[in-house]
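What follows is a single structure, written as structure tokens, with notes after it.
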Amino acid sequence: MRTPHRTLTLFLLFTLLISGCREKGQVTYDELPPVTLTFYGLFDNEDIYKPMIEAYESAHSNVTIIYKQFTDPESYLELIVNELAEGEGPDIFMMHNTWFPKNYKKLTPAPAEVVTPDVFRSLFVEIAGEELIIPDSSNEEQVWGLPLYIDTLALYYNDEHIEEALPSQGTPSSTWSGIKEDVVQLNREDQSFERFERTGIALGRSDNILRAFDILMLMMLQYKVSFYTDDLMETTLAVDPNALAALELFTSFGLPSQKNYSWNKYLADADSGEKEIKTFANGKVSMIMGYTYTYEDIINEINALAAEGENTIDINNIKIQETPQVYDPQTSAETREAYASYFVPVVSRTSQNSAAAWDFLAELVSEQNLSYYNEQTHRPSALRSLIESQMADPIYGVFAAQVGYAESLPMADPEEYKDIFLDGVEQILDTARTSVVLKNIADAIQELIPESGIKPIYVPIE
């Protein structure tokens, strides 16, 4: 058992680490033999990390850090799993928050000298503690990664459309029931194959919406779907009426029989990389759901369309607001939920230099470095001390505001879950009964759950 004195000492030590300060006489790795750390990154180019790596190498003359960028999450994970199985692989790599239940045993947890679970919880937002603090085989809590950011889904909208169709509101509604009514006012039907000259929102399908699965999981969270029994051994989806309600809400936007029907296969190319982003950029859909990077994706698409001589929306009309809720946050006591998606730097189980790797990660999440990272990527920090200042950003502040109530779901196999749910959506659009589809989804999910259950994301200490 750690004494209060030791816990406080560790807290002060880690506070010094994340502030980028080094006390005179503090242990470093400069006196050790030369160390080379390999860092596999995903999406972020080398220029983002270069100043932070160079600063660390300057302070640790024996350490060299080699950064390699990857862009395809699926092949990236497959590569890492294969390399680790052969006893090789990187020292540090980025792992998605939904990969932890299945893959955390491939990692080396943080030494207590770097950070303890209690210190971690005091420094980072709640969702990070829930997902990155996992009991080991001895049922002792361990920290398995240090987050650079927490991204969430938010609502992007065309301000010109909202002002024209909803002048008394001036913004989209804050609830999904309100969004359904907004869509009715925003839709402009015509006689084309698309059926719409302008449509209210890109929702309800799985083939031509970039983050359809994430949006559906968001709705599950907001409907307070339990998903599993308390021991995480069985799924409860088939018997939870809230799961049915969430699935019905999502698909209602893709069903012509529904009053709020607003999206079909003709409105965005399912085989394109842009999908609904292009439809939003050319002004044919008023609202879409997206992450922080969606803003730049929209601007890039506007520029691409303009270069081809096509009509586009004015960049100044791109607005973002917090994700709609099932329960009105102004009148309901129910908590708000935003869907969290983020990659976390972790230390691999096969690393021969795990102590040095964790020391580097502790520096990587300093306030100075995370402020810089936010400036480069616009992703909101997971560090509590930076959230308030980042909320003031006129474009991306919405995402920082949602970090405090971000949530996600433990999954036995995220990619399989995605395929199962999105296939179910297509079955409903093909007129299958939603209750029958949900039962089939539950059966398929149950087959993926190991006999020992899904490893708990977080076990609170009584």
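FRET efficiency for A306 and D47, Cβ-Cβ distance as r, R0 = 30 Å, nearest 0.05?
On the way: r = 27 Å, r/R0 = 0.89.
According to the calculation, E is roughly 0.65.
With a 10 Å radius around each residue's Cβ, average the other Cβ atoms per peptide and rank 254-262, 311-319, highest first.
Working: 254-262: 17.8, 311-319: 14.3.
The packing order, highest mean first, is 254-262, 311-319.
Assign unit charges at the C-beta atoms only (+1 for Lys and Arg, -1 for Asp and Glu), then state the dipole size of the chain relative to its Cα centre in Debye, rounded to the nearest 20.
Working: 31 positive and 73 negative charges, 142 e Å.
About 680 debye.
Using 1/(1 + (r/R0)^6) with R0 = 45 angstrom and r between the beta carbons of D419 and E375, what's the FRET efficiency to the nearest 0.05? Could you put the intermediate results ahead of the total?
Details: r = 37 Å, r/R0 = 0.81.
Taking R0 as 45 Å, the efficiency between D419 and E375 is 0.80.
Tell me the label-point distance for the pair V436, S389, using the 7 Å Cα-to-Cβ offset, in nm and rounded to one decimal.
5.8
Would you pull out the residues with amide H under 5 Å of V35's amide H, same chain only if 5 or more places away, H placed 1.01 Å from N?
Under 5 Å from the amide H of V35: V63, T64.
Run the numbers for E86 and D207: contour at 0.36 nm per residue of separation, minus the present Cα-Cα distance, in nm. Before the final figure, lay out the partial values.
Details: separation 121, 0.36 × 121 = 43.56 nm, distance 3.64 nm.
Answer, rounded to one decimal: 39.9 nm.
Taking every DSSP beta bridge that has both residues in the chain, what percent is antiparallel when rounded to the nearest 5?
On the way: 23 of 38 bridges.
The antiparallel fraction comes to roughly 60 percent.
Please turn the phi angles of the stretch 181-196 into ³J(HN,Hα) values with the Karplus equation 6.51 cos²θ - 1.76 cosθ + 1.60 (θ = phi - 60°), one per residue in order, whole Hz, x for glycine and proline.
Going residue by residue, I get 6, 4, 4, 4, 6, 7, 4, 10, 7, 9, 9, 7, 4, 5, 6, 9 Hz, with x marking Gly and Pro.
Is there a pair in K102/K265; K102/K439; K50/K224; K106/K265; K105/K224; K105/K418 whose C-alpha atoms are over 32 Å apart, and which pairs would that be? Write out the running numbers ahead of the final one.
On the way: K102/K265 34 Å; K102/K439 24 Å; K50/K224 42 Å; K106/K265 40 Å; K105/K224 29 Å; K105/K418 23 Å.
Listed pairs above 32 Å: K102/K265; K50/K224; K106/K265.
Expected output is a single nm value to one decimal: the length gained when fully extending between E113 and E160, i.e. 0.36 nm times separation in residues minus the C-alpha distance. What is it?
On the way: separation 47, 0.36 × 47 = 16.92 nm, distance 5.38 nm.
Length gained, E113 through E160: 11.5 nm.
Of the labelled options [x] 40, 26, 21; [y] 42, 26, 24; [z] 34, 27, 23, which one gives semi-axes √(5λ) of the Cα gyration tensor in Å as computed for this structure?
Identified label for the calculated read-out: [x].
Taking 0.36 nm per residue of separation and subtracting the Cα-Cα distance, what length does fully extending A59 through Q191 add?
On the way: separation 132, 0.36 × 132 = 47.52 nm, distance 6.67 nm.
Computed gain between A59 and Q191 is 40.9 nm.
Which whole-number percent is the relative contact order of the stretch 208-331 (Cα, under 8 Å, 6+ apart)?
On the way: 111 pairs, mean separation 27.7, N = 124.
Across the stretch 208-331, relative contact order equals 22 percent.
Using mean Cβ contacts within 10 Å as the protection proxy, how do 46-55, 410-419 order, highest first? Don't jump to the answer; show the numbers that get you there.
Working: 46-55: 15.4, 410-419: 18.0.
Top to bottom by mean Cβ count within 10 Å: 410-419, 46-55.
Based on the alpha-carbon gyration tensor of the stretch 335-379 and its eigenvalue square roots a ≥ b ≥ c, which shape applies: rounded if a/c is under 1.5, prolate if not and a/b is larger than b/c, or oblate?
Values: a/c = 2.91, a/b = 1.53, b/c = 1.90.
Verdict is oblate for the stretch 335-379.
Computed from the coordinates by the stated procedures, all read-outs in this text should not be read as laboratory data. Remember, it's a predicted structure, so these values are computed and weren't measured experimentally. We place every Cβ from the backbone using ideal geometry, glycine too, and count neighbours over all the protein chains shown.
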